[in-house]
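Taken together, the values in this text are just the output of simple stated rules run on the coordinates, not laboratory data. All values derive from a computational prediction rather than experimental measurement. FYI the Cβ positions are ideal-geometry reconstructions off the backbone, even for glycines, and counts take in every protein chain you see.
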Amino acid sequence: MALALYDTWSRTVRPFTAIEPDHVGLYCCGPTVYDYAHIGNLRTYVFEDVLRRALVLNGYDVRHIVNITDVGHLVSDADDGEDKMEKGSRRMGASAWDIAARYTEAFMADWRALNLLEPALWCRATDHIAEQIAFVAELERKGYTYRTTDGVYFDTGKQDDYGYLTRLDHAGLQAGKRVAVGEKRHATDFALWKLSPQDSTRQMEWDSPWGRGFPGWHIECSAMSARYLGPRFDIHCGGEDHVAVHHSNEIAQTQACYGTRLANFWMHGHFLTLDAGKMSKSNGEFLHLQSFIDRGVDPLAYRYLCLTAHYRSKLSFSFEALGAAQAALERLRKVYSGWPSGGVADEGFVVRFNAEVNQDLNLPRALAVVWELVRSDLPTATRRATVDRFDAVLGLRLTDWKVGEFDLPDEIAALAKEREIARSAKDWERADRLRDVLNAAGWKVEDGPCGQRVVGG
Ligand code: AMP
Ligand code: ZN
């Protein structure tokens with residue numbers, strides 16, 4: 001079955017075809033690095049990673065770009081309030097540049113812990129100020145901008161189809177005109193370049209044709225995606241909150257500059273919620289990956305939990321659900337590591353698994369296929385080889401996971417114990433024979449000064 005994906009633009013699941021055969025350009029909006037990523041943010045990156053792995057499964061060479069927002073994302077989406085970076089700097093008593101470096105590093109550590117594939121390129125907004133200024137200048141030249149006392153704004157009234165992605169209700173907005181828009185011409189207009197306040201200096205600011213200041217948040221993604229993927233590429237992703245404002249504005253800018261709607265497919269991950277409601281970095285009340293590690297939970301158990309819910313449905317987080325995910329992952333590892341290698345994958349199961357993945361990334365159904373295989377009576381070596389194929393999409397690191405001696409499968413633990421007894425009785429011949437049996441079952445035996453250690457091969 002060919003890959004079909006839900007496209008927010010058309011509001012349909014439709015067959016995926018690449019603009020250029022065999023190649024896919026994939027742009028994912030990255031983190032705003034004023035604090036740790038919360039587990040909600042990370043759910044979106046897990047979804048995007050599964051998407052990338054699904055594209056690879058279908059034979060595509062994927063060019064995956066992720067940006068790092070280290071300037072310009074204001075506390076309010078309505079273009080006012082403080083820059084989140086400058087606010088983070090005050091909170092932490094460190095410079096905005098140091099905050100950005102610290103949380104970018106923390107984000108990349110989370111990325112690796114969740115076994116997310118490294119993007120072709122990480123791009124920072126502050127490394128692309130010239131591109132953003134050039135983009136705004138071009139929009140100005142084409143007549144899409146106007147100036148106010150605090151910056152340069154995009155005039156959304158110049159585009160009849162502004163907000164199509166979010167099915168914006170233009171008539172409703174007209175009726176709601178009483179809403180104060182300040183110097184803006186329309187409530188939906190947004191900042192392209194903000195001038196530094198006259199009464200204070202910002203830590204991050206640059207000269208521009210309009211005065212000293214900093215770029216608006218949306219322009220970085222239009223400018224950097226155009227630079228690295230061209231003005232029209234295959235897939236653009238983010239969380240569902242990006243549909244109404246950030247992505248609608250990215251489309252408006254790129255449409256005005258290049259006449260394209262940026263990406264062929266727009267895909268959005270739905271939110272992870274807490275029982276208490278929305279999780280937010282800005283109110284400082286959130287769980288991050290380290291909160292799990294501190295409780296002895298493997299980060300990959302969180303990845304497993306994300307796979308149990310379809311990316312287009314809400315996932316309500318609880319520690320009970322995380323515990324269940326951890327138990328399921330441990331069970332999978334345990335059975336898997338007890339199976340010998342050297343088998344050949346069962347194509348029937350592979351086809352069924354791939355069909356679920358290709359049906360708009362239906363990972364909950366794909367996981368059901370995994371467990372059906374585990375419980376099947378196929379030879380264990382066949383099951384192992386089949387799970388290896390699955391894990392290329394699941395990303396649970398089943399293949400390179402090393403079991404410690406405390407969680408050996410029962411039959412291996414029994415053999416290891418027998419060998420320990422033989423060693424202490426100095427029955428070297430028997431100990432060697434048992435080592436050969438363990439090796440043949442795919443286990444390595446290391447003899448050290450403190451006794452033997454049996455590890456997955
Ligand atoms: P930010 O760091 O706030 O710019 O967000 C990074 C990514 O996380 C974006 O793609 C957001 O859409 C996404 N996101 C924010 N909150 C959540 C949430 N609760 N659940 C899932 N994704 C989220
Ligand atoms: Zn973006």
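With each label modelled as a point 7 angstrom along the Cα→C-beta vector, the ASP61-THR148 pair spans 4.6 nm. Entry for the chain at q = 0.06, 0.11, 0.14 Å⁻¹: log10 I(q)/I(0) = -0.33, -0.92, -1.31, Debye formula applied to identical alpha-carbon scatterers, no solvent contribution. Each of LEU55, TRP97, HIS73 was placed along the dipole of the range 13-162 (beta-carbon charges, centred on the mean Cα), and the one lying farthest toward the positive end is LEU55.
The long axis of helix 428-440 is offset from the longest Cα principal axis of the chain by roughly 40 degrees.
Give me the count of lysine pairs in the range 4-274 whose alpha carbons sit under 18 angstrom apart, restricted to pairs 8 or more positions apart or on different chains. Spell out each step's value before the answer.
Working: LYS84/LYS194; LYS87/LYS194; LYS142/LYS158; LYS158/LYS177; LYS158/LYS184; LYS184/LYS194.
Eligible lysine pairs with Cα atoms under 18 Å apart amount to 6.
May I ask what percent, to the nearest 5, of DSSP beta bridges between residues of the range 4-274 are antiparallel? Of all bridge pairs located within the range 4-274, approximately 45 percent are antiparallel. Calculated on the Cα set of the range 4-274, radius of gyration then Dmax: 18.3, 56 Å. Counting DSSP beta bridges with both partners in the chain, what percentage is antiparallel, nearest 5? That works out to approximately 50 percent antiparallel.
Loop-located trypsin sites (Lys or Arg not before Pro) in the range 109-165 (DSSP state other than H, G, I, E, B) with a sparse environment of at most 14 neighbouring Cβ atoms within 10 Å: LYS142. Rg/Rh for the range 295-400 (Cα atoms only, Rh after Kirkwood) is 0.97.
Let's test the formula: R0 of 56 Å, r as the Cβ-Cβ distance of VAL455 and TRP97. What FRET efficiency results, to the nearest 0.05?
Details: r = 43 Å, r/R0 = 0.77.
Approximately 0.80, to the nearest 0.05.
Directionally averaged projected area (the range 410-456, Cα convex hull): 2.9 nm².
The stretch between SER316 and ILE293 holds 6.3 nm of extra length on full extension. This uses 0.36 nm per residue minus the Cα-Cα distance.
Label positions at ASP400 and SER200, each projected 7 Å from the Cα along the C-beta direction, are separated by 4.5 nm. Electrostatic tally near HIS128: other residues with Cβ closer than 15 Å to its Cβ, Lys and Arg +1, Asp and Glu -1, net -4.
Between the Cα long axis of helix 96-113 and the first principal axis of the chain there is an angle of about 40°, rounded to the nearest 10.
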